[in-house]
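The values are calculated or read from the model by the stated rules, or taken from the named source; none is laboratory data. Keep in mind the model is a prediction, meaning the values are calculated, not measured. A quick note on method: Cβ atoms are made from the backbone with ideal geometry, for glycine too, and the neighbour counts reach across all protein chains shown.
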Amino acid sequence: MTPPQIVQMIFDVYNKVGHRQYGESVTELEHALQAATFAMQFNSSDAVVVASLLHDYGHLQHNEGEDVASHGVDMRHEDLGVIKLASFFGPEILEPIRLHVAAKRYLCHKNQAYIDGLSPASRLSLEIQGGPMSDREGAEFESNLYYKPAVELRRFDDMGKVSGMKTPTLESFYSLVLSFVVK
C-alpha cells in the first residue's frame with residue numbers, strides 16, 4: 001500500500017464505525033477529533049496531534065460494544081490499536097498511543113485531584129486497567145522516553161468528551177497524518 005492508501009484505509013475505518021458511542025456524550029470519531037483539536041490548541045507537537053487523533057483506533061477494531069468495561073472486560077484497545085498501526089507509523093506516534101492507558105494510571109498515582117476529575121466511564125475502566133500505579137510502576141513509567149507525550153495525549157483524551165463541540169473534519173488531518181506514515 002502507498003502512504004496515501006494507508007491514510008485513506010485508516011480514515012475509512014473512522015468513517016465506517018466512528019459513529020459508535022464512545023461511552024461518554026460523544027461518538028468515537030467526535031472523541032478522536034476533539035482530542036486532536038485540543039492537542040493543536042495547546043500547541044503540542046505534530047506527533048502528539050496525530051497520536052491524539054489515532055489513540056483509540058483499537059476501539060474501532062472490535063465489536064464488543066461501548067459498554068464492554070461495565071462487564072469487567074478490558075479490551076486492551078491501546079495494544080490492539082498499536083498492533084493495527086505498527087506497520088504504518090514510527091514510535092513517536094505508536095508509543096504515546098500504547099502508553100495512554102498507563103498514563104491515566106500514572107496521573108491517578110500522582111494526583112488525587114486527577115482521579116476526582118475522571119468521568120464515570122474513565123473511573124470504571126481505571127479499575128479494570130489496574131488502578132493507580134504503585135511508586136515502582138510510576139518510576140518505571142517515567143523512565144520511558146515517550147512518557148511525557150503519553151501524558152499529554154492522556155490530558156487531551158480526557159478533555160475530548162464535549163457534546164456538540166465544533167472541530168476540524170477528519171479529512172483536514174489527512175496531510176498531517178500522511179506526513180508520519182513510514183515510507
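Taken as a whole, the structure places PRO96 among residues that are touching a residue at least 24 places away in the same chain (Cβ under 8 Å) and not in a loop (DSSP other than H, G, I, E, B). Residues of segment 113-143 that are polar (S, T, N, Q) and under 28 Å from GLN21 (Cα atoms): SER119, SER122, SER125, GLN129.
So which residues in segment 84-109 are closer than 14 Å to LEU145 by Cα and over 15 Å from the mean Cα position of the chain (by Cα), if there are any at all? Residue satisfying the conditions is GLY90 alone. If you check SER119 against the conditions, is it under 27 Å from ASN43 (Cβ atoms), small (Gly, Ala, Ser), surrounded by fewer than 19 Cβ atoms within 10 Å (Cβ to Cβ) and over 15 Å from the mean Cα position of the chain (by Cα)? Against the criterion (under 27 Å from ASN43 (Cβ atoms), small (Gly, Ala, Ser), surrounded by fewer than 19 Cβ atoms within 10 Å (Cβ to Cβ) and over 15 Å from the mean Cα position of the chain (by Cα)), SER119 qualifies. When segment 148-164 is filtered for residues that are over 16 Å from PHE42 (Cα atoms) and of a type outside the set (Val, Ile, Thr), the ones remaining, listed by number, are LYS161, SER163, GLY164.
Only one entry in GLY131, GLY160, GLY81, GLY164 is touching a residue at least 12 places away in the same chain (Cβ under 8 Å) and surrounded by fewer than 17 Cβ atoms within 10 Å (Cβ to Cβ), namely GLY131. Residue pairs whose Cβ atoms lie under 6 Å apart, separated by 6 or more positions or on different chains, with the first residue in segment 33-46 and on the phi < 0 side of the Ramachandran plot and the second part of a helix (DSSP H, G or I) and of a type in the set (S, T, N, Q), are ALA35/SER52; ALA36/SER52; ALA39/SER52. The residue that is farthest from the chain's Cα centre (by Cα), among those in segment 8-39 that are surrounded by fewer than 18 Cβ atoms within 10 Å (Cβ to Cβ) and aliphatic (A, V, I, L, M), is MET9.
Among the criteria (1) surrounded by fewer than 16 Cβ atoms within 10 Å (Cβ to Cβ); (2) in contact with a Lys or Arg (Cβ under 9 Å, 6 or more places away or on another chain); (3) at pLDDT 95 or above; (4) not aromatic (Phe, Trp, Tyr), the one GLY90 does not fulfil is (2). Each residue in segment 166-177 was checked for being more than 18 Å from the chain's Cα centre (by Cα) and of a type in the set (A, V, I, L, M, F, W, C), and 0 pass.
The selection criterion, being over 19 Å from SER87 (Cβ atoms), in contact (Cβ under 8 Å) with a residue 24 or more places away in the chain, part of a helix (DSSP H, G or I) and aliphatic (A, V, I, L, M), holds for VAL49.
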